[in-house]
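The values are calculated or read from the model by the stated rules, or taken from the named source; none is laboratory data. Please read these numbers as outputs of a predicted model, since none were measured by experiment. Methodologically, a virtual Cβ is constructed for each residue, glycine included, from the backbone with ideal geometry; neighbour enumeration extends over all protein chains shown.
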Amino acid sequence: MIRHQPQHPGFSLIELLTVLGVLGVLVGLLLPAVQAARATSSRIGCGNNLRQIGLAAHQYLDTRGTLPPSGVTITDPAFGRYSLQWTDILLPYVEQPALWATIKPAYDTSKLVRNPPHIGLTTVVKVYTCPADGRLSTPITDNLGYTAAYGSYQAITGSGAITQHGPSIQIHEDGTFRYRLGVRTAEITDGLSQTLLLGERPPPGMYWFGNWYTPYYPIASLLLSQYRWGMTITVMLPLDYNGCKGPFQFGPGRIENPCDSHHLWSLHGGGGWFVFADGSAQFLPYTARDLLPALATRAGDEVVSFD
C-alpha cells in the first residue's frame, strides 16, 4: 500500500511580500514609541541625578554650615597650591569617598593633571552625567589630545550681572555658588525654593571643557577661565565672549556649536532640568528664559511667578 504524505502548501511570493509589508508597518509604528519611551526615561533619569546632587549639597550644608563653594584653592605646606571645583568637593556626598581620597595623593605625585596618577580625571561619575547624553558614558579625548570624563550639570554662580571697571569686567557671584566661600542659607533671602542651584548644559563636541575633575590642566592654553572652571555658569551673560556673539541665555543649543557651551540648555528638547536651593528639581521650558536672572540671585528681592 502506498502512503501519501500530507501536503503543506507554502507561501506564495505575494503572501510573503504582504507579511513583510505588514511587519514593516508595525516596526514603523513601534519605533517612534520606543524612541519616545527612551527619551522620557532619559529625561526622568536626568532630573533624578540633579535631585541627588541637590541632596548631596544639603548634606554638605548640614556638615559644613554652607553650600559647597564653586571652587577652592588649597595650600599644602609640603606641596604647594592646587585647586578643586564643586564636583570634587561633593564626591564624599555622592557615594564616591574612595575617589575623593585619591585626589591629594595624586597631586602629591604630580601637579600635572594626567592619568596616572590622577585616576579621577578619566573616571565617569554617573550622577554627574545626563542619561540623554550617551557620549559621557566613557572618557573622551578632545581635539587637543586630552582625555577626561565630563559632566552635564553646571553650578549656577549668578544672574550674569556685571560691573565695568575701565577695560576690565567683573561678573557678580550673586547666586548660590561662590568661589572659596560657600553660601549660607541665611544669605539666600529670596527663599530656597525661589533660587536656582544647578542646571543642565551638555559639553560641546569640540574644545571639550566641562570635565568634572579638579580643573588644573597641563596645557597653558587651557588655563582660561572657561576651562579652569568648566562646571560653573551664569544664567545670562550679556557680553561677547571667547570669540562668540552674546548675549548668552537659556535656550536651545547644538553640540557641534562650541558657543552654546556659554549658556544653559539640554538634549531633551523644549527646556532643561534645574535644581533649586531647597533640593527640589523642576523641568523649565525655554519660554522661562527671562525669569532665570531673577531666580539665579540669592538676595535680589525679586518676586517670581511661573503662572
**Message:** Looking at the structure I just gave you, is R51 touching a strand residue (DSSP E or B) at 6+ places or on another chain (Cβ under 9 Å), at pLDDT 90 or above, over 25 Å from G182 (Cβ atoms) and not in a loop (DSSP other than H, G, I, E, B)?
**Reply:** no
**Message:** Looking at the stretch 22-38, can you tell me whether even one residue there is surrounded by 12 or more Cβ atoms within 10 Å (Cβ to Cβ), modelled with pLDDT of 65 or more and part of a helix (DSSP H, G or I)?
**Reply:** yes
**Request:** Using the structure shown, decide if F250 is aromatic (F, W, Y), farther than 30 Å from T147 by Cβ, in contact with a His (Cβ under 9 Å, 6 or more places away or on another chain) and modelled with pLDDT of 95 or more.
**Result:** yes
**Request:** Give the residue, chosen from A106, A132, A148, that is in contact with a strand residue (DSSP E or B) (Cβ under 6 Å, 6 or more places away or on another chain), small (G, A, S) and surrounded by 12 or more Cβ atoms within 10 Å (Cβ to Cβ).
**Result:** A148
**Test for V127: is it part of a helix (DSSP H, G or I) and either at pLDDT 90 or above or of a type in the set (A, V, I, L, M) (or both)** = yes
**Request:** Return only the number of the condition from (1) loosely packed, with under 13 Cβ neighbours inside 10 Å; (2) at pLDDT 95 or above that E187 does not satisfy.
**Result:** (1)
**Prompt:** Can you pull out the residues in the stretch 130-147 that are among the polar types (S, T, N, Q), modelled with pLDDT of 90 or more and either outside any loop (DSSP other than H, G, I, E, B) or closer than 17 Å to Y60 by Cβ (or both)?
**Reply:** S137
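Select from the stretch 286-307 the residues that are assigned to a loop (DSSP other than H, G, I, E, B) and in contact with a Gly (Cβ under 9 Å, 6 or more places away or on another chain) and write down the one among them that is nearest to Q249 (Cα to Cα).
T297
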**Asked** From the residues in the stretch 148-191 that are of a type in the set (F, W, Y) and in a strand (DSSP E or B), which one is farthest from G120 (Cα to Cα)?
**Response** Y153
**Asked** Considering R289, R254, R298, which residue is basic (K, R) and over 15 Å from R201 (Cα atoms)?
**Response** R298
